[in-house]
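A short worksheet on the structure shown next.
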Amino acid sequence: MFKDKNWKILTGLLVGGLMLVAIACSSDDADDSSSSASAPAPTAAAAAPAATAAPAPTKAPAKDDDHDHEDGEMIHAPDPTTPAGVAVIATNGVINDENGLNSAQSGDNLKNVGLTETLFARAEDDSTVMWLAESFEISDDLSSATVKIKSGVSWQDHHGDFGNVTAEDVAWSMNNANSATNPESIHGQAGDFAGLWGEWTAVDDSTVTFEFTNYDSTWKDDYANASGQAFSVFSKKAYDEKGEDFVRDNIIGSGVYQVDEWISGESYTMKARPNHHMFSAKTDTIKIVGVKEPTTRAALLRTGEVDMAHLEPKDAAKFDMDEFTQTSTSAAVQLGVFFSGNLWEDTYAGGENKGQPLPTKATFVHDLAWIGTTGDRASKHDKNADDGVSDADQAKAVRRAMAMAIDRDLVNEQLLSGLGSPVHVEYFSASHPNWDSKYEYPYDPDAAIALIKAQDADWVTGSGDKSGVLGDHAFEASVYAGPELGGGASITGEVADAVAGFWSDIGISTFSLKFSYQTFRPTVVGRSNTHPWITSCDKGRESNPWHFPKGLVQTTLTRGGFSCGFESPVILDLYNKMAKAPDSASATDAANEYLAYVYDQSLQPGVVAVPDAYYFNNKKIKSAKMDKAAAASINSLWNLELQ
């Protein structure tokens, strides 16, 4: 059974494509632009919207007979057609409105491209580099922290003189982003911040203090660090003097670049600032073009209409690396399956409702095969309770079977030209020295079928095909393509299609979902999603240190904010052990416990790590070194140097 692998993944992709129910542009939390959308309030699981057309590319590439690629021939570097003295970069994303307000979901990567700044940065050896911060101090009991802010750092002045960065700007920027201090915030990490600390206070012009709600030893390495999921520091004076509408539409940061032109839906251009406190930009003008379609980005680089582009591995493999150069933040994106709906905590773990019972769990209303119910509802769902197998154990077996049905090596070979790497458990790299092969899911579709058929089929079957290999155990599932790398229109969508195909091959009628992330996100914020989804979910980067705390967004600590879609009291305990560990060795021990638990429960089986890299034309660009990062695909553009 399942002998011809190449044919198998082809048919799997076809099945995924045929079962596509809706296609729309996906909006990535880590988009290469600032977001203009307001997230709707959390609701019950959203129905898939009607199919909509993807936006047209910003600019269609010109035909270039001298560089047209034929199978088997490498693509050579063209003569650039971009303006002299300007570096033009095609990013994987939509250029939304210019946005300088954290609570309005200002773009996460503004600090990475050089428009804004945050408190810390990451060195090559993973140590902490001071950026806007000059120093920090943590109380002996880990209850609070004090940060000293660097003096003499000027704001961008293209919209007026706003003076220098102060502690008040830093405190206001965080409080504006944090959903604990600003419930209306839709910042990408609003819930993460709420789970970590309360209000930040400016004691004087150079001192910020705050108390931890839940201490996390990597707060300065992740949530206030350019390498991670940090906030941008914006000018409070600009907000006070110009108003909220102004800063919502204009970026006033302290970065080495400032906005020269911003064309929503198309591009933005940055000009270097002289006498920056930390960097000297090597290129005066950089233009960022948003291009969602991967093949269009490759075509633009091939014809010389852009100088650097984000390429998917299957496209990058066609370019001659003697004439193009790869650059990246070493942050390959791990795509895996997160089994939403498994809400196993019963009370709030933090916040003003700490200790109070959680509201009714909508994901337990129907008995879905991969969701293990707990509490009073478990007995109602388990029609065969007398057999001693709980609904939770049965669902765990189904999740493991679904994990075993995925051929990770074949996905890497066929979709990534072998340039990626298999992932077995999300958040953990199989190439890390700490990895143990006992945590690998074998590809064994026959065993997967047998494991499902060994369960009592008391779950909702939907339109499951009972004439197939699972017989009466057949059920229906959907897999949603998350926002990473461009969402459903990118490699993420192809991985979702492949997973749908693998699951269909073991008798699970599977639909591939690719509707807008702006529509999907409220269902994980509101904890109502039941669809397994393909995502990296917060920490899924190959470059993340092993000891980094994992699981915050898999607990009730982030209720009101983002979530992977499941919550576990065991993960809550392990997250706290990692976050409060006195040293990296203790944190590593707790991380290993977390790995063992999520592997056993099959809550987040990985699929593949996708190289998240840019490639530049050596005829135009001399170098473009990026710094190591855990949550950014592009950064340090001040290092970009033209020929």
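The values are calculated or read from the model by the stated rules, or taken from the named source; none is laboratory data. Owing to the predicted nature of the structure, the values given are computational and were not obtained by experimental measurement. Cβ coordinates were reconstructed from backbone atoms using ideal geometry, including for glycine residues, and neighbour counts include every protein chain displayed. SASA here: full protein model, heavy atoms, side chains in, ligands and nucleic acids out. Shrake-Rupley method; radii C 1.70, N 1.55, O 1.52, S 1.80 Å.
Restricting the range 471-490 to residues that are of a type outside the set (Gly, Ala, Ser) and surrounded by 22 or more Cβ atoms within 10 Å (Cβ to Cβ), the residue that is farthest from ILE534 (Cα to Cα) is HIS473. The residue of the range 305-360 that is nearest to LYS628 (Cα to Cα), among those that are buried (at least 22 other Cβ atoms within 10 Å of the Cβ), over 25 Å from the mean Cα position of the chain (by Cα) and not acidic (Asp, Glu), is PHE324.
Here's the yes/no breakdown for (1) within 20 Å of ILE149 (Cβ to Cβ); (2) not acidic (Asp, Glu):
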{"residue": "GLU211", "(1), (2)": "yes, no"}
{"residue": "ASN214", "(1), (2)": "no, yes"}
{"residue": "SER232", "(1), (2)": "yes, yes"}
{"residue": "ASP240", "(1), (2)": "yes, no"}
{"residue": "VAL256", "(1), (2)": "yes, yes"}
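Counting just the residues of the range 622-643 that are among the hydroxyl-bearing types (Ser, Thr, Tyr) and surrounded by fewer than 24 Cβ atoms within 10 Å (Cβ to Cβ), which one comes out nearest to the chain's Cα centre (by Cα)? Selected residue: SER636.
Quick one: GLY507 ticks every box in (1) small (Gly, Ala, Ser); (2) at negative phi; (3) out of contact with any strand residue (DSSP E or B) (no Cβ under 9 Å at 6 or more places or on another chain) bar one, so which box is it? Evaluating GLY507 over (1) small (Gly, Ala, Ser); (2) at negative phi; (3) out of contact with any strand residue (DSSP E or B) (no Cβ under 9 Å at 6 or more places or on another chain) leaves (2) as the failure.
One residue stands out among those in the range 439-470 that are in contact with a strand residue (DSSP E or B) (Cβ under 7 Å, 6 or more places away or on another chain) and modelled with pLDDT of 95 or more: the one that is least open to solvent (accessible area, probe 1.4 Å), which is TYR441. Number of residues in the range 554-573 that are on the phi < 0 side of the Ramachandran plot, open to solvent by 10 Å² or more (accessible area, probe 1.4 Å), of a type outside the set (D, E, K, R) and assigned to a loop (DSSP other than H, G, I, E, B) equals 1. Condition check for THR295 on (1) surrounded by fewer than 21 Cβ atoms within 10 Å (Cβ to Cβ); (2) touching a residue at least 60 places away in the same chain (Cβ under 8 Å); (3) of a type in the set (S, T, N, Q): one failure, at (2). Checking the structure you have, find out if any residue of the range 523-532 is surrounded by fewer than 24 Cβ atoms within 10 Å (Cβ to Cβ), out of contact with any strand residue (DSSP E or B) (no Cβ under 8 Å at 6 or more places or on another chain), of a type in the set (Ser, Thr, Tyr) and in a helix (DSSP H, G or I). Checking the range 523-532: not a single residue is surrounded by fewer than 24 Cβ atoms within 10 Å (Cβ to Cβ), out of contact with any strand residue (DSSP E or B) (no Cβ under 8 Å at 6 or more places or on another chain), of a type in the set (Ser, Thr, Tyr) and in a helix (DSSP H, G or I). When restricted to residues that are part of a helix (DSSP H, G or I) and either open to solvent by 70 Å² or more (accessible area, probe 1.4 Å) or at pLDDT 90 or above (or both), the range 361-386 contains 7. In the range 574-623, the residue that is farthest from VAL88 (Cα to Cα) out of those that are modelled with pLDDT of 95 or more, in contact with a helix residue (DSSP H, G or I) (Cβ under 8 Å, 6 or more places away or on another chain) and part of a loop (DSSP other than H, G, I, E, B) is SER602.
Can SER633 be described as of a type in the set (Ser, Thr, Tyr), closer than 30 Å to PHE502 by Cα and in contact (Cβ under 8 Å) with a residue 12 or more places away in the chain? So SER633 passes the test. The set of residues from the range 81-108 being open to solvent by less than 10 Å² (accessible area, probe 1.4 Å) and part of a loop (DSSP other than H, G, I, E, B) comprises GLY93, ILE95, ASN99, GLY100, LEU101, SER106, GLY107. Residues considered: PHE548, PHE520. Of these, the only one that is under 23 Å from GLU345 (Cβ atoms), open to solvent by 10 Å² or more (accessible area, probe 1.4 Å) and either assigned to a loop (DSSP other than H, G, I, E, B) or at pLDDT 95 or above (or both) is PHE548.
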